Amino acid sequence: MDDCNKCDPCTGLCKIVPGMAGAFKALGDPNRLRIIHLLATDTTGTLGVSDLAGILGISQPAASQHLKTLKSEGFVTSRREGFRVYFSFNRDRLLEFREHFDQMSAAVMDRCDRELVRETTQQTSLNACVVFYSYTGVTRGVAERIRNACGCDLVEVKTLTEYSAFTAYTTGVLHARRGVCDPILPDRIDVSRYDLLVIGTPVWAWKPAPAINAAVRALSGCEGKRAVIFCTNCGQPGEALPLLEAALAARGIEVAAAVSLTQEEMAARTAENDLIERIVGAYPLPVEDLIS
């Protein structure tokens, strides 16, 4: 299905909202939620209408109606054996529902982020640049969300020789521990025209990725600027942020905020929300605001 072009950028919500509405309605009843729980945890595969009605303490017609509603939305399936009909929970449908809910939540949060930027800065975008390296795509996802919220530019740093799954955990980790600068593209990053820098890195061996070490050296026109730094990690950021802050300070850059993003926080988007707020808070005020 083509984009409808009603939203800019297209969120894709128009394709999933009708189905989501029916799913929310089906799940918006305590007894139907209890039925889902009973079927999801059942190990016998022999729960019928009378069994569920007895467990829930409701009439069989009521239980049958609840099952019909859940079945119509795909959360419940049934099979017939002789005169008996047994019901099962459709896990694939719940996974689809969760995926669509996450998509809807992400679109709403992106809108909220853009509104936060607009209200705080009184402009549609920030004159900022996000410089980042991403090996698995996680750090890239954070950078893109910052871009979507703030309207800033992205500079993705790439290594001249790409790491494989094996070399990333051998050569890459060794380089990170030693503070090595990997050869990168672009080899020069001119940030002279930006008011704020955002630097992002994954954590390798509790330190910044070697490509980001090189990116800091590759910065041009960076003296006297402010920066917000962030790292993505599995829960152990180690020395990554202090080392990155020290490297930037050596280039004449003041780090206004440092944010660690764990996998759990990124799933809940709590730390990412904090990161957006830190970026907005670190943005230099216009001269007229400083005078007033």
- Go through segment 94-140 residue by residue and tally those that are at pLDDT 75 or above and among the aliphatic types (A, V, I, L, M). 8
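Test L47 against the criterion of being part of a loop (DSSP other than H, G, I, E, B) and either charged (D, E, K, R) or crowded, with 17+ Cβ neighbours inside 10 Å (or both), and give yes or no. I'd like the intermediate steps shown before the answer.
Working: part of a loop (DSSP other than H, G, I, E, B): yes; either charged (D, E, K, R) or crowded, with 17+ Cβ neighbours inside 10 Å (or both): yes.
Yes; evaluated as a whole, the condition is true for this residue.
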- Message: Suppose we filter segment 133-164 for residues that are touching a Pro at 6+ places or on another chain (Cβ under 9 Å) and touching a residue at least 24 places away in the same chain (Cβ under 8 Å); how many remain?
- Response: 12
- Task: Working only within segment 72-95, note down all residues that are assigned to a helix (DSSP H, G or I) and free of Cβ contacts under 8 Å to residues at least 12 places away in the same chain.
- Result: D92, L95
- Note on the structure: Counting only residues in segment 268-288 that are at pLDDT below 70 and under 17 Å from the mean Cα position of the chain (by Cα), the one farthest from V130 (Cα to Cα) is identified as A268
- Query: Of (1) part of a loop (DSSP other than H, G, I, E, B); (2) in contact with a strand residue (DSSP E or B) (Cβ under 7 Å, 6 or more places away or on another chain), R177 satisfies all except one. Which?
  - Reply: (1)
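Got a sec? Which of I58, I35 is assigned to a loop (DSSP other than H, G, I, E, B), at pLDDT 95 or above and among the aliphatic types (A, V, I, L, M)? Steps first, answer last, please.
On the way: I35 fails: assigned to a loop (DSSP other than H, G, I, E, B).
It is I58.
With the condition kept exactly as written, say whether any residue in segment 253-267 is acidic (D, E), in contact with an Asp or Glu (Cβ under 8 Å, 6 or more places away or on another chain) and at pLDDT below 95. Working first, answer last.
We begin by selecting, within segment 253-267, every residue acidic (D, E); these are 254, 264-265.
This time we only want the ones that are in contact with an Asp or Glu (Cβ under 8 Å, 6 or more places away or on another chain), so: 265.
With the extra rule that they be at pLDDT below 95, the set shrinks to 265.
Scanning segment 253-267, I find at least one residue that is acidic (D, E), in contact with an Asp or Glu (Cβ under 8 Å, 6 or more places away or on another chain) and at pLDDT below 95, so the answer is yes.
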- Of the criteria (1) aliphatic (A, V, I, L, M); (2) modelled with pLDDT of 95 or more; (3) assigned to a helix (DSSP H, G or I); (4) assigned by TED's automatic domain parsing to the domain that holds L197, which one A53 fails: (4)
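Condition first: of a type in the set (D, E, K, R) and surrounded by 15 or more Cβ atoms within 10 Å (Cβ to Cβ). Now tell me which residues in segment 50-94 satisfy that.
Going through segment 50-94, the residues of a type in the set (D, E, K, R) turn out to be 51, 68, 71, 73, 79-81, 84, 91-93.
Of everything in segment 50-94, those that are of a type in the set (D, E, K, R) and surrounded by 15 or more Cβ atoms within 10 Å (Cβ to Cβ) turn out to be D51, K71, E73, R93.
The values are calculated or read from the model by the stated rules, or taken from the named source; none is laboratory data. These numbers come from a predicted model, not from an experiment. We place every Cβ from the backbone using ideal geometry, glycine too, and count neighbours over all the protein chains shown.
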